[in-house]
Amino acid sequence: MVIRIEGVTKLYRMGAETIHALRGVNLEIRRNEYLAIMGPSGSGKSTLMNMLGCLDTPSAGRYDFNGKDVARMVDDELAEIRNREIGFVFQTFNLLPRSDALHNVELPLIYAGLSPAVRRERALVALRNVGLGDRIHHKPNEMSGGQRQRVAIARALVNHPSILLADEPTGNLDSRTGEEIMALFEDLYEQGHTIIVVTHEEDIARHARRVVRLRDGLIESDGPVP
Amino acid sequence: MEFREILRMAFGSLGVNKLRSFLTMSGISIGVFSVIGVMTAVSALRGSIETGLSVLGSNIFQISRNPTGFQTSGEARRRIEQRRNITLEQAQRYQQLLRDVTEVVCLKAFYRDGPVQASHGNRQTEPGLTFGGSNEHFLAANQYAIDLGRNFTAEDIDLARPFVILGQSVVRKLFPAESPLGKRVKLAGRTYEVIGTFAEKGSSFGQTQDEIVIVPVTRFLSDFGAARFSINLATQAPSQAVYNETLDRAITAMRIVRSLRAEQENDFEIYSNDSLIAAFAQIADVVRAGALVISAIALLAASVGIMNIMLVSVTERTKEIGIRKSVGARRRSILGQFLIEAVLLSVTGGVVGIILGVLTGNALAVWLQAEVVFPWGWAALGLVTCSFIGVAAGLYPALKAANLDPIESLRYE
Ligand SMILES: Nc1ncnc2c1ncn2[C@@H]1O[C@H](COP(=O)(O)OP(=O)(O)OP(=O)(O)O)[C@@H](O)[C@H]1O
Ligand SMILES: [Mg+2]
């Protein structure tokens with residue numbers, strides 16, 4: 001069991017108003033599962049992903065990562081998990097605007113303490129795998145949306161995480177590039193990685209083995225891909 | 001994460017806001033500059049004084065009734081005021097007692113009853129000449145040379161002849177076109193015949209040494225009242241090797257001349273180069289303390305500036321911090337990054353300040369004809385202080401950055 005969440009809620013207080021982004025979600029994800037999370041806009045998919053990625057903390061409920069309560073982990077343990085266990089592709093990419101693609105992809109390796117030569121080598125491989133071998137010295141504002149998305153994917157994969165969390169990883173890609181990325185995910189899945197993808201597209205979801213549907217902060221359905 | 005990487009990031013982000021980094025650094029530079037500049041100048045001057053070139057001639061010590069330098073305690077001052085003058089008779093006896101050790105004993109007394117003007121016919125100098133009586137050893141003891149005419153002879157002194165030797169400034173004023181030799185010059189109401197002129201000497205420590213007139217000390221005392229003057233004695237040891245021995249002999253001779261009993265303290269002062277250096281050191285300490293206070297204030301202001309700029313920088317880069325944390329940056333990596341940035345700002349400013357300070361201090365030293373020095377100790381202290389300032393001013397902003405919540409900072413726009 002890699003991930004187990006129980007009764008997780010997330011509240012946002014906006015002045016007098018309280019927004020219930022998640023209203024009590026239970027979810028178990030095993031090692032080497034390939035999961036798609038679907039649901040309408042605003043249903044809480046990104047909120048859930050941030051939680052799973054150890055970036056956000058639930059308002060109530062419990063999250064165990066590898067059998068350990070995340071709420072009890074100290075900062076350094078969380079940093080370690082974010083660095084080595086989880087690769088996160090953000091819906092909004094979150095690249096360093098002043099650094100080129102290569103440096104952005106190297107970033108997790110810097111915090112993993114690898115030597116510059118090894119870092120560069122691995123970042124180049126990761127960029128080539130997403131088809132950006134010829135754009136390594138471009139800064140984010142010198143790249144298209146799809147290219148930025150691929151830099152974000154390369155960064156998520158570069159440190160060989162056991163779990164890949166991807167929030168709309170193909171949202172900005174044409175269907176052919178999207179398929180290439182999905183093939184990459186399929187490879188990773190076959191190598192034993194755990195993959196969790198948020199998507200709107202049924203085509204993309206079909207690559208997964210299991211689909212979780214969210215609506216208004218609750219799980220509507222959870223089952224194998226038909 | 002390795003240190004080199006943090007350094008690279010720190011340099012990178014300082015480079016993004018070049019003007020801002022420069023302005024912040026300049027505060028530190030000014031603070032360090034003021035202290036290093038003063039320290040450099042002071043040590044350069046001290047170096048030149050210690051070589052003994054500009055104050056006393058070589059192997060010379062001086063005996064007088066009063067000390068130079070500051071007289072702090074009133075008690076000590078009273079004791080000194082009660083001392084008897086060193087009379088001409090005492091000075092001559094001293095000279096005799098030392099005859100087998102050294103010939104060169106320069107007697108000196110200076111006019112103190114208001115500013116002195118020299119005049120010849122209808123020409124006259126500005127008031128404020130150095131006017132004194134001395135003997136034939138004045139040249140050697142004070143490093144003057146004769147330009148025209150001749151020095152005093154022992155006979156001139158014995159017979160108290162009304163002769164005068166003029167400094168170059170006086171010559172230029174009174175005798176612009178003619179030879180001064182044999183002419184009569186009026187000084188403080190008396191008339192003297194010019195027998196020589198001093199060669200131009202220039203200025204030392206910003207003071208001209210050419211506005212001087214010297215007459216035989218015997219004549220000087222009889223003209224202006226022997227009882228009112230205390231004579232200074234400058235004695236030159238024949239060589240460095242016998243300097244200490246000569247000094248001991250001189251003290252003994254002086255005690256005999258002053259008829260002191262064994263248990264009585266010396267009622268006169270001895271300046272060697274050592275004691276002049278000590279007097280200079282006393283002044284230098286005051287100047288140094290002043291420079292330290294000024295630079296401490298400047299550095300305090302500058303560190304407030306660094307803290308301010310670092311806080312701004314943390315706020316501006318909230319998103320960047322969020323991104324770094326989301327890919328696994330630990331709290332201490334972020335802390336390190338911002339601390340190093342602050343230290344880099346401060347130390348770079350410090351290095352610039354040290355360079356400017358050393359250059360300016362040495363320029364001043366060169367102007368005052370002192371040797372060029374590099375104040376290693378102060379420079380090292382400056383760097384340590386700057387690192388400390390960087391850490392102190394950067395700590396709070398860096399902690400703030402390190403403690404940011406990852407998801408909150410990722411959302412920050
Ligand atoms: N920081 C926040 N402050 C207040 N409300 C928030 C915040 N983040 C998310 N929400 C709200 O929580 C709900 C869930 O948002 P979330 O981003 O998880 O949706 P989503 O399913 O990812 O939508 P999309 O498909 O458009 O990305 C939304 O109603 C949103 O307005
Ligand atoms: Mg979303």
(request) Give the residues of the stretch B:313-323 that are within 12 Å of chain A (Cβ to nearest Cβ) and without any contact (Cβ under 8 Å) to a residue 12 or more places away in the chain, sorted by residue number. (result) B:GLU316, B:GLU320
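Table: residues versus (1) without any contact (Cβ under 8 Å) to a residue 24 or more places away in the chain; (2) open to solvent by 30 Å² or more (accessible area, probe 1.4 Å); (3) aliphatic (A, V, I, L, M); (4) touching a helix residue (DSSP H, G or I) at 6+ places or on another chain (Cβ under 9 Å).
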| position | (1), (2), (3), (4) |
| --- | --- |
| B:ASN135 | no, no, no, yes |
| B:ASN142 | no, yes, no, no |
| B:THR153 | yes, yes, no, no |
| B:ALA177 | yes, yes, yes, no |
| B:LYS186 | no, yes, no, no |
| B:TYR192 | no, no, no, yes |
| B:LYS201 | no, yes, no, yes |
(request) Might you let me know whether the stretch B:310-323 holds any residue that is open to solvent by less than 60 Å² (accessible area, probe 1.4 Å) and among the small types (Gly, Ala, Ser)? (result) yes
(message) Take A:GLY7 and tell me if it is part of a strand (DSSP E or B), over 19 Å from B:GLU320 (Cα atoms) and within 16 Å of ligand 1 (Cβ to nearest atom).
(response) no
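Counting just the residues of the stretch B:227-252 that are among the hydrophobic types (A, V, I, L, M, F, W, C) and out of contact with any strand residue (DSSP E or B) (no Cβ under 9 Å at 6 or more places or on another chain), which one comes out farthest from B:LEU107 (Cα to Cα)?
Taking the stretch B:227-252 and keeping what is among the hydrophobic types (A, V, I, L, M, F, W, C), we get B:227, B:229, B:231, B:233-234, B:237, B:241-242, B:247, B:250-251.
Narrowing further to those that are out of contact with any strand residue (DSSP E or B) (no Cβ under 9 Å at 6 or more places or on another chain): B:227, B:241-242.
On the way: B:ALA227: 15, B:ALA241: 24, B:VAL242: 21 Å.
Applying the filter and picking the extreme gives B:ALA241.
For residues that are assigned to a loop (DSSP other than H, G, I, E, B) and within 16 Å of ligand 2 (Cβ to nearest atom), tally how many sit in the stretch A:163-180.
Looking only at that region, the number is 5.
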(message) If a residue must be within 8 Å of chain B (Cβ to nearest Cβ), in a helix (DSSP H, G or I) and surrounded by 18 or more Cβ atoms within 10 Å (Cβ to Cβ), how many such residues does the stretch A:82-108 contain?
(response) 4
(request) For A:ALA60, state whether it is open to solvent by 20 Å² or more (accessible area, probe 1.4 Å), away from ligand 2 (no atom under 13 Å from the Cβ) and either more than 14 Å from every other protein chain (Cβ to nearest Cβ) or in contact with a strand residue (DSSP E or B) (Cβ under 8 Å, 6 or more places away or on another chain) (or both). (result) yes
(request) Specify the residue that is farthest from B:VAL391 (Cα to Cα); the eligible residues are those in the stretch B:10-25 that are open to solvent by less than 50 Å² (accessible area, probe 1.4 Å) and at the interface with another protein chain (Cβ under 9 Å from one of its Cβ atoms). (result) B:GLY12
(message) Cβ-Cβ under 6 Å, sequence separation 6+ or interchain: first residue in the stretch A:175-197 and farther than 12 Å from A:SER162 by Cβ, partner among the small types (Gly, Ala, Ser) and at pLDDT 90 or above. Which pairs?
(response) A:VAL197/A:ALA36; A:VAL197/A:ALA166
(message) Which residue is surrounded by the fewest Cβ atoms within 10 Å (Cβ to Cβ), if the candidates are limited to the stretch A:35-47 and must be in a helix (DSSP H, G or I) and touching a Gly at 6+ places or on another chain (Cβ under 9 Å)?
(response) A:THR47
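From the list B:LEU345, B:LEU381, exactly one residue is under 20 Å from B:ALA44 (Cβ atoms), part of a helix (DSSP H, G or I) and in the same structural domain as B:MET9 (by TED's automatic domain parsing). Which is it?
On the way: B:LEU345 fails: under 20 Å from B:ALA44 (Cβ atoms).
Being under 20 Å from B:ALA44 (Cβ atoms), part of a helix (DSSP H, G or I) and in the same structural domain as B:MET9 (by TED's automatic domain parsing) holds for just one of B:LEU345, B:LEU381, which is B:LEU381.
Condition check: among the polar types (S, T, N, Q), within 16 Å of ligand 1 (Cβ to nearest atom), open to solvent by less than 40 Å² (accessible area, probe 1.4 Å) and closer than 26 Å to A:VAL8 by Cα. Does A:THR199 satisfy that?
Details: among the polar types (S, T, N, Q): yes; within 16 Å of ligand 1 (Cβ to nearest atom): yes; open to solvent by less than 40 Å² (accessible area, probe 1.4 Å): yes; closer than 26 Å to A:VAL8 by Cα: yes.
Yes; evaluated as a whole, the condition is true for this residue.
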(request) Output yes when any residue across the stretch A:110-123 is assigned to a helix (DSSP H, G or I), among the β-branched types (Val, Ile, Thr) and surrounded by fewer than 17 Cβ atoms within 10 Å (Cβ to Cβ), and no when none is. (result) yes
(request) Looking only at the stretch B:327-343, decide whether some residue is crowded, with 22+ Cβ neighbours inside 10 Å, within 14 Å of another protein chain (Cβ to nearest Cβ) and in contact with a Pro (Cβ under 6 Å, 6 or more places away or on another chain). (result) yes
(request) Test each condition in (1) open to solvent by 10 Å² or more (accessible area, probe 1.4 Å); (2) in contact (Cβ under 8 Å) with a residue 24 or more places away in the chain for B:VAL384 and report the one that comes out false. (result) (2)
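Of all strands (runs of 3 or more DSSP E) completely enclosed by the stretch B:55-153, which ones contain at least 3 residues that are more than 20 Å from B:ILE195 (Cβ to Cβ)?
Values: elements: B:60-64, B:105-110, B:118-120, B:130-134, B:146-149.
Answer list for the stretch B:55-153: B:60-64.
Of the residues B:GLY328, B:GLY336, which single one is touching a helix residue (DSSP H, G or I) at 6+ places or on another chain (Cβ under 8 Å), more than 16 Å from ligand 1 (Cβ to nearest atom), closer than 23 Å to A:GLY113 by Cα and without any contact (Cβ under 8 Å) to a residue 24 or more places away in the chain? Quick ask: steps written out before the conclusion?
Working: B:GLY336 fails: without any contact (Cβ under 8 Å) to a residue 24 or more places away in the chain.
Exactly one residue qualifies, and that residue is B:GLY328.
Being in a helix (DSSP H, G or I), out of contact with any strand residue (DSSP E or B) (no Cβ under 6 Å at 6 or more places or on another chain) and more than 16 Å from ligand 1 (Cβ to nearest atom) is true for just one of A:ARG135, A:ARG148. Which residue is that? Working first, answer last.
Values: A:ARG135 fails: in a helix (DSSP H, G or I).
Criteria check complete, one pass: A:ARG148.
The values are calculated or read from the model by the stated rules, or taken from the named source; none is laboratory data. Keep in mind it's a predicted model, so treat the numbers as computed, not measured. Note that we place each Cβ from the backbone using ideal geometry, even for glycine, and neighbour counts take in every protein chain shown. For accessibility, only protein heavy atoms count, side chains too; no ligands or nucleic acids. Shrake-Rupley method; radii C 1.70, N 1.55, O 1.52, S 1.80 Å.
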